[in-house]
Amino acid sequence: MPGSGVIDHRALLEATQAEDAEAIATHLRQYESLDLVDANGQTLLMLICALERPGGGMVRQLLNHQADPNIVDHAGVAALGYAIKAGNDDAELVFWLLHWGADVHHADNNGTTALHLACSANHVQTVQVLLKSGACPRRPTSSGITAFDLAHALPLNSSPNVLEALAQYA
C-alpha cells in the first residue's frame, strides 16, 4: 500500500539526474516513506526507473531501503513497466527489480505486462530476463494481443531474436 501522503519528487529527481550524492542523501532523509506517491500516483522508484539513465545505483538503493516495486500508478503501471518504457534495453535494472520482488506477471489497466512492453520495444535482453523469471509469452492484453503478436509486428530485420526467445519459453 502506498504511503499516506502525496509528495513532489522533483527536487530528488533533479539531484539524481545531476548525480549529486549529497543532495540525494539530504532529500531522502525528508521522506517519511519511500512509497509516498505524487499527484499522478507515482512513487520515487517509478520515476527513477523512468529516467533514460537511472542515476547510478539509485534504484538499487531505493530497493535496499524497502521501496515497494509493486505499487501502481493511476494507469496500473508499476516500476517494472516504467523501467521498460524508458526506452533502453536495461536488462540489469529489470533483473534487480525482479530480484527485489517486482511481480513479473503484473498487468496494467489495459492488461499489458512487462513482457508485452519489452517485446514491442524489441528489447531482446529484457525479454530473456522476463521469460527466465516466469513471464508468460501467451498471456493476452485486454484486447487479446500476446507477446508473440507484438514480436511478429516488429520489422522483419529486428524481430528474430525476440521471436526466438519467446519460442524457447512457449
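The values are calculated or read from the model by the stated rules, or taken from the named source; none is laboratory data. The model shown is predicted, which means the values in this text are computed figures rather than measured ones. Please note: Cβ atoms are built from the backbone with ideal geometry, for glycine as well, and neighbour counts cover all protein chains shown. Just so you know, the surface numbers come from the protein's heavy atoms only, side chains and all, with ligands and any DNA or RNA stripped out. Shrake-Rupley method; radii C 1.70, N 1.55, O 1.52, S 1.80 Å.
Assorted remarks:
- Thr126 vs. criteria more than 20 Å from Arg60 (Cβ to Cβ), of a type outside the set (A, V, I, L, M, F, W, C) and open to solvent by less than 80 Å² (accessible area, probe 1.4 Å): no
- Checking each residue in the stretch 50-106 for being over 11 Å from the mean Cα position of the chain (by Cα), surrounded by fewer than 20 Cβ atoms within 10 Å (Cβ to Cβ) and part of a helix (DSSP H, G or I) picks out Arg60, Gln61, Asn64, Glu92, His99.
- Within the stretch 26-49, being out of contact with any Gly (no Cβ under 9 Å at 6 or more places or on another chain), modelled with pLDDT of 80 or more and open to solvent by less than 50 Å² (accessible area, probe 1.4 Å) holds for Asp38, Gly41, Gln42, Leu44, Leu45, Leu47.
- Taken together, the criteria place Gly87 among residues that are in contact with an Asp or Glu (Cβ under 7 Å, 6 or more places away or on another chain), modelled with pLDDT under 90 and not acidic (Asp, Glu).
- Flag if Thr113 is over 17 Å from Leu45 (Cα atoms), touching a strand residue (DSSP E or B) at 6+ places or on another chain (Cβ under 8 Å) and surrounded by 19 or more Cβ atoms within 10 Å (Cβ to Cβ): yes
- Looking only at the stretch 128-159, and only at residues there that are closer than 19 Å to His106 by Cβ and not in a loop (DSSP other than H, G, I, E, B), the one that is modelled with the lowest pLDDT: Leu150
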